[in-house]
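The values are calculated or read from the model by the stated rules, or taken from the named source; none is laboratory data. Fair warning: this is a prediction, and the values are worked out from it, not measured in the lab. Virtual Cβ from ideal backbone geometry, glycine too; neighbours counted across all protein chains shown. Note: areas computed on protein heavy atoms with side chains; ligands, DNA, RNA excluded. Shrake-Rupley method; radii C 1.70, N 1.55, O 1.52, S 1.80 Å.
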Amino acid sequence: MSNIPPTEPVIQLTDIHKSYGAVEVIKGVDLTAHAGDVVVLIGSSGSGKSTLLRCINLLENSQAGEIKIKGEPVCWKPGKAGRVPSDKDQVRRLRTDLSMVFQQFNLWAHLSVLDNVIEAPVTVLGEDRAEAAKRGMALLEKVGIADQADKYPAQLSGGQQQRAAIARALCMRPEAMLFDEPTSALDPETEAEVVQVIRALAKEGNTMVLVTHDMKMARDLASHVIFLHLGKIEEQGPPEDVFGNTKSERLKQFLSSTH
């Protein structure tokens, strides 16, 4: 269980800015996720959703604003593109609290499914391999692919690979999970399998920040929806307001185009 005080957000972004050269893609975004929250980011391609997610996990360095994980602010120093984290040990530690599930699965092709799931707990956290394997098998059972444990990623369907990636993320016992378009590379049938797993994780109270093009999933799972447009928050709120009582004309256009 989390040891974070209930008042302390798991993830807190304040006035985040991110540019690539002269192009500013995130223009002063705030985001808060408390334990058990499911924050869903929606918006058209190029709105900054995936970039913001990568800034949370420090895969991308924002140029301004504050990032706190479990109340601890990321330490920065001047760098080539504005700033870089000043403490590599802090980055490693904070990343163990955040597990990311990517659009393209990112499994290691040379490792079996089970070895993919347990590699990080064993090498990063120093867990006993036998204990990690036991938990890894339980997680593969949880996502419905325990029978695929000894296979290699290339032998799995896209939906099975994504479920393996989710099991791998869970095996780190993260404080929060970050999902970057987890179903966009899948056909409708396998997409449904993965949505079912994510839905179960949300019901269990896992903290998540989820980027998705699937408005039904956003509506069903979110505790809070953020609509990004051109790098800014155009509208946000509970799903019943964002989808049922839409205020922004731009969001109305976006939602009508996704039906």
Per residue, in Å², the accessible surface of the chain once ligands and nucleic acids are set aside, probe 1.4 Å: 47
Extension gain, ARG219 back to LYS252 (0.36 nm per residue minus Cα-Cα distance, nm): 10.4 nm
At R0 = 22 Å, FRET efficiency that the Cβ-Cβ distance of LYS232 and LEU59 yields, to 0.05: 0.55
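To the nearest 0.05, what FRET efficiency results for SER19 and ASP150 with a Förster distance of 45 Å applied to their C-beta separation?
In this case the efficiency is close to 0.50.
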ILE233 long-range amide H proximity, modeled H, under 5 Å: none
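How much length is gained on full extension from ARG93 to GLN196, taking 0.36 nm per residue of separation minus their Cα-Cα distance?
Gain on stretching ARG93 to GLN196: 34.1 nm.
Rank by packing, highest mean first: peptides 244-257, 57-70, with packing defined as the count of other Cβ atoms within 10 Å averaged across residues.
Working: 244-257: 13.1, 57-70: 18.4.
Per-residue mean Cβ counts within 10 Å order the peptides as 57-70, 244-257.
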Efficiency of FRET between GLU204 and LYS80 - r from beta-carbon atoms, R0 30 angstrom, step 0.05: 0.15
Relative contact order [Cα under 8 Å, 6+ residues apart], segment 37-126, whole percent: 16
Computed over the chain: relative contact order in percent, which uses C-alpha pairs under 8 Å that are six or more apart: 25
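Could you check what % of the DSSP bridge pairs in the chain are antiparallel, to the nearest 5? Numbers along the way, then the final one.
Numbers: 24 of 40 bridges.
Restricted to the chain, the bridges split so that about 60 percent are antiparallel.
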